[in-house]
Amino acid sequence: MEYYVIGPDGSKYGPATLETLNKWAAQGRVTATTIIERASDGVRGAASLLPGLAIPAGSTPPAAAPGPASAPPPGVAPTAVSPGPQAGTPVPPAAGAPQTPPADPSRQVQFKDVQPAPGTTPPTYGMSAAPGPMGAGGYPRATYSYDTVPPELKGTVNWGACLVTWIWGLNHRAYVTLLSLGLGIIDVVIGIAMRPPTGAEATTPGSPASGTNPIGIIIGLVGLGLAIWYGAKGYEWAWRSGRFATPDECRRCQATWGWWGLGFIVLCCVGLFLLFGVLFAAMFGMARSMPH
């Protein structure tokens, strides 16, 4: 998970990992009242509310001395954020360091209440300082709850859960999907145990060699029903897994799983087609080589 540091003048520094934020905090560049923005969804809050960020005691920045602004040390100049990609990762200036106004104020991103006044409570922007449910990056998720599935995730088929079943389930703590793995193992064991025998018995109608395996057909139908059930419950299970901080993040990840699942099915179909083609060619060659 990556974050941006919002400067007193609205400048954005980053993106930076939690490890980098801790280094900046140790250098006095990030204080308890510094505003932090999560890069994934733009949620902002005071640095004191970010779990895992160690703020040194007494790190509240002093008021800047009046007078003309001077340039900060090399490499730490604030960078105005403008549309388009940013080269490099700007470093926020040290606490209390004077700020140089941006050259083009119209390109400077502005935020409301980006820095609380001295002695006031930092804004929470919908986040809670009390321990609670955490998102994938360990950030408080006060706006949403694990127990309640957001409306935008309901009524949607999760194709990743439907197509790759237990593989998807292991990544989303939906261990009930291991039923599909168990059915597959049982099907293989039964298939080996009911291998076609040799001799006259192989052509007896109703024998294991007659080409029909009722148990395998039942297992296949049960597996298909489970896959449909996984697809219907997939978004709910994905959200309750606690891997996602916002519904949008959840939908993007599940869409990726869906495409991977589709690719897996296509790859399996192509593999089966090639396998049958090779077997057919081999059988045709053997038939031609036999004496008439």
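The values are calculated or read from the model by the stated rules, or taken from the named source; none is laboratory data. Values in this document were obtained by computation on a predicted structure and should not be read as measured data. Cβ: placed from backbone, ideal geometry, glycine included. Neighbour counts: every protein chain shown.
Remarks
- Condition check for ALA238 on (1) touching a residue at least 40 places away in the same chain (Cβ under 8 Å); (2) surrounded by fewer than 10 Cβ atoms within 10 Å (Cβ to Cβ): one failure, at (2).
- When LEU226 is tested against (1) over 30 Å from ARG195 (Cβ atoms); (2) at pLDDT 95 or above, just one condition goes unmet, and that condition is (1).
- Positions within region 38-48 being within 12 Å of MET1 (Cβ to Cβ), out of contact with any Pro (no Cβ under 7 Å at 6 or more places or on another chain) and not hydroxyl-bearing (Ser, Thr, Tyr), in sequence order: ARG38, ASP41, VAL43
Residues checked against (1) at pLDDT below 85; (2) touching a strand residue (DSSP E or B) at 6+ places or on another chain (Cβ under 9 Å); (3) farther than 30 Å from ARG252 by Cα:
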position	(1), (2), (3)
TYR3	no, yes, no
TYR13	yes, yes, no
LEU21	no, yes, no
SER40	yes, yes, no
GLY75	yes, no, yes
PRO85	yes, no, no
THR100	yes, no, yes
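- Residue match in region 269-286 (condition: of a type in the set (Gly, Ala, Ser) and in contact (Cβ under 8 Å) with a residue 40 or more places away in the chain): no
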